[in-house]
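Written out below as structure tokens is the structure these notes cover.
The values are calculated or read from the model by the stated rules, or taken from the named source; none is laboratory data. These numbers come from a predicted model, not from an experiment. For neighbour counting, all protein chains shown are included, and Cβ atoms are generated from backbone atoms with ideal geometry for every residue, glycine included. Quick note on the areas: whole protein, heavy atoms, side chains included, nothing else; ligands and nucleic acids left out. Shrake-Rupley method; radii C 1.70, N 1.55, O 1.52, S 1.80 Å.
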Amino acid sequence: RRHHIDFLGAFLLIGAISCTLLVTTLGGAELPWNSGPIWALITAAAALFALAAVQERYAREPLLPPRLFGNRNFVVSNVATALSMMPFVALVNLAPVYLQMALVMSASASGLMLLPFAAIGPVAATLSARIMTATGRYKPLSMGGIALAMIAMLLMSFTTPATSIWTIGAILALFG
């Protein structure tokens, strides 16, 4: 059958997300948080998100059907994903800087310290997918992964310049 791509909805969502990213990128760094351009971007983001919500409600084939937000599993899994991605992004961005400053490592060496994290992640994801497929259960693995990441972040908060490279590598692997 012939499909109808919701281009207007896509452009509205892209505009809203772009304005939000500009607020978080420029706010406090390039522009004061309470400046006119920041408030204009916040207003534009809110208006574009509202227009996108209306567009998605009436589109023939919406990109993000509003009925999905009535599905508890969809909402909970997306909130959990967003919350679990925050420490992930923080670790990937801040661990090399910490290693350079606290352990006086070179930029290359501190970047290489992310290898345990990067190597374990795909292996853990593949094993988790196989277990989920075989058992049909996803909650224990999801909650276990989040718990391991929280433990790793807690352990990382106790590291000092005297902490060995091997210990930090193990913590990063645990996070992965």
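What the table shows:
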| quantity | calculated |
| --- | --- |
| Candidate set from the range 79-105 (those that are among the aliphatic types (A, V, I, L, M) and over 23 Å from residue 145 (Cβ atoms)); member that is surrounded by the most Cβ atoms within 10 Å (Cβ to Cβ) | 99 |
| Among (1) open to solvent by 70 Å² or more (accessible area, probe 1.4 Å); (2) in contact with a strand residue (DSSP E or B) (Cβ under 9 Å, 6 or more places away or on another chain) - the single one residue 35 does not satisfy | (1) |
| Residue, farthest from the chain's Cα centre (by Cα), within the range 156-172, restricted to residues that are more than 14 Å from residue 113 (Cβ to Cβ) and of a type in the set (A, V, I, L, M, F, W, C) | 162 |
| Residue list for the range 95-109, restricted to those being within 15 Å of residue 160 (Cα to Cα) and either aromatic (Phe, Trp, Tyr) or part of a helix (DSSP H, G or I) (or both) | 95, 96, 97, 98, 99, 100, 101, 102 |
| Condition met for residue 22 (surrounded by 11 or more Cβ atoms within 10 Å (Cβ to Cβ), within 22 Å of the chain's Cα centre (by Cα) and hydrophobic (A, V, I, L, M, F, W, C)) | yes |
| Residue satisfying condition, being of a type in the set (Val, Ile, Thr) and surrounded by fewer than 10 Cβ atoms within 10 Å (Cβ to Cβ), within set 160, 135, 126 | 160 |
| Residue in the range 55-71 that is open to solvent by less than 40 Å² (accessible area, probe 1.4 Å), in a helix (DSSP H, G or I) and not small (Gly, Ala, Ser) present | yes |
| Number of the condition not met by residue 146 [criteria: (1) free of Cβ contacts under 8 Å to residues at least 24 places away in the same chain; (2) surrounded by fewer than 16 Cβ atoms within 10 Å (Cβ to Cβ)] | (1) |
| Checklist (1) within 14 Å of residue 175 (Cβ to Cβ); (2) in contact (Cβ under 8 Å) with a residue 24 or more places away in the chain applied to residue 85, failing item | (2) |
| Options 50, 44: the member that is touching a Gly at 6+ places or on another chain (Cβ under 9 Å), assigned to a helix (DSSP H, G or I) and either modelled with pLDDT under 90 or open to solvent by less than 70 Å² (accessible area, probe 1.4 Å) (or both) | 44 |
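Rundown of residues vs (1) part of a helix (DSSP H, G or I); (2) at pLDDT 85 or above; (3) touching a strand residue (DSSP E or B) at 6+ places or on another chain (Cβ under 8 Å), yes/no style:
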| residue | (1), (2), (3) |
| --- | --- |
| 90 | yes, no, no |
| 145 | yes, no, no |
| 163 | no, yes, no |
| 166 | yes, yes, no |
| 172 | yes, yes, no |
